[in-house]
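Since the structure comes first, as structure tokens, the remarks are kept for the end.
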Amino acid sequence: MRDTMTFRINRATIGATVGTALEWYDFSLYGTASALVFPTVFFPTQDATVATLASFATFAVGFFARPIGGLIIGNLGDRYGRRQMLFLTLVLMGISSTLIGVIPSYDAIGMTAPVLLVVLRVLQGFGAGGEYAGATLLAAEHSTSKARGMNAAIPGAGNAAGALLATGVLTLLSTTLSHDAFMAWGWRVAFLLSIAVSATGILIRLRVDESPEFTEVKTAGRAPRVAITELFRTAGRKIPLAMLASIGPNVASYLPSVYALTYLATNVGAPEWIGLTGILIGNLLKLVTIPLAGWISDRVGRRPVFLAGALGAVVLIYPFFFLLDVGTPLAVWAALVLIFTFCNDAMLAAQSGFMSELFEVRYRYTGVTFSREITGALVGGTLPFVAASLTSAAGGDSWLVALYCGVLLALAALGMFLLPETRVVDAEDRPATVATP
């Protein structure tokens, strides 16, 4: 039955996914804390909107560091291998996240506190820039072509698992401690756990072999010295269109998982636990929906699955805010699951397999990081800040944000529509190391 469904998960996918889950714990932790903790601890001001905008600005800084890290790590990954770079990303994110947990508050050291926060966020973003692309490529390049979409998608479920762990830890701390204790020291415990999380990830990735596709290229002496030069020389129009397509997962991820938490607290007046629980539910479902969407993309193609998610999000963006405004747990949870889980996962899963096939092996790591991370910086990193500004400009109403996000999602659909389908049909598969689930 497994052979009929080609539901085969290779060992590299398991190692890459577990490592990504542990690493994304760090990055997701910052996103949630920037909405709920940092405005008070590092940016105290009489104006809550100003504090929130300042906190979201530091959130964006990490995204602007991601393209730099992605280009450097991607180029090194195309020259020396995917596996080594995934060790580097774990170390960078683990150290920076742990140190965030020991930064004194603004009240203790003044402006030095937010400056230190920004520096560590830059390091965190630098590591994150090469992590996800490397994990998906390692999984995809160990896979047979018939199961490549699913294997490439599964590290995205690792992202969800890491975010689930981060949100769960913060929720546990915020609900078991008093509000004063949580804001004073409780949130720091979650960041200090990063050192143990990263060490575990490194041990797991030691068991993963290098990508066979990269090994073939390197053995043949075809690994480029400067991969980005090869990318621009041969990839042509694929690059800007892939960047457009990458807008979709950024909007459908960071609008609900970061900005919606602030919107619920400041505009709707909903208790913090409602939004956090909704994110927990959404990430829990992702453990199933992302691999499933990847498997479907192996059956029908990458483009149809991606377009279903992007166009679905365009249609649902106004109902999303309507449900948030209702403010009840079930309405909020439904809103988050519709955009954050169903629409986002269709795009994210299809994109993973698509990107691993769109670019040639010798500059693939660079091509994926360039396409994803620059868009991530321009759209994902700024989205919470822009959304908060648009909401303020609209007098607290959500219509401007919904319009902005709807246009971005439509552009993502256009970018994917103009790209060719990449799924290989009836190709001769090379052997892959298989771990039966």
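Structural remarks
- Carbon + sulfur, % of accessible area of the range 60-109 - ligands and nucleic acids excluded, 1.4 Å: 72
- Loop sites here are trypsin sites (Lys or Arg not before Pro) outside DSSP states H, G, I, E and B with no more than 10 other Cβ atoms within 10 Å. The longest part of the chain free of them is 1-224.
- Efficiency of FRET from Cβ geometry, Met111 and Val189, R₀ 30 Å, rounded to 0.05: 0.75
- Most mobile of Leu203, Leu241, Leu53 in a GNM of the chain (Cα contacts under 10 Å): Leu203
- Gaussian network model of the chain, Cα within-10 Å springs - most flexible of Met183, Met150, Met355: Met183
- Angle between the chain longest axis and helix 272-300 axis [Cα atoms, degrees, rounded to 10]: 10
- The spacing between the range 324-401 and the range 70-125, judged by their C-alpha centroids, is 22 Å.
- Hits among lysines - C-alpha to C-alpha of Lys286 under 29 Å, sequence gap 8 or more where chains match: Lys146, Lys238
- Here the label points at Arg299 and Glu216, each 7 Å from Cα along the C-beta direction, are separated by 2.8 nm in the simple model.
- Val91-Arg233 pseudo-label distance in nm [points 7 Å out on the Cα-to-Cβ vector]: 3.1
- Accessible area per residue for the chain, computed on protein heavy atoms with a 1.4 Å probe, is 37 Å².
- Along each principal axis, Cα extent of the chain, largest first, Å: 63, 43, 42
- Relative contact order (%) - the chain, alpha-carbon pairs under 8 angstrom, separation at least six: 28
The values are calculated or read from the model by the stated rules, or taken from the named source; none is laboratory data. If you're wondering where the values come from, they're calculated on a predicted model, not measured in any experiment. Using ideal geometry, Cβ is built from the backbone for each residue, glycine included, and neighbour counts are taken over all protein chains shown. The area values use the complete protein model at the heavy-atom level, side chains included, leaving out ligands, DNA and RNA. Shrake-Rupley method; radii C 1.70, N 1.55, O 1.52, S 1.80 Å.
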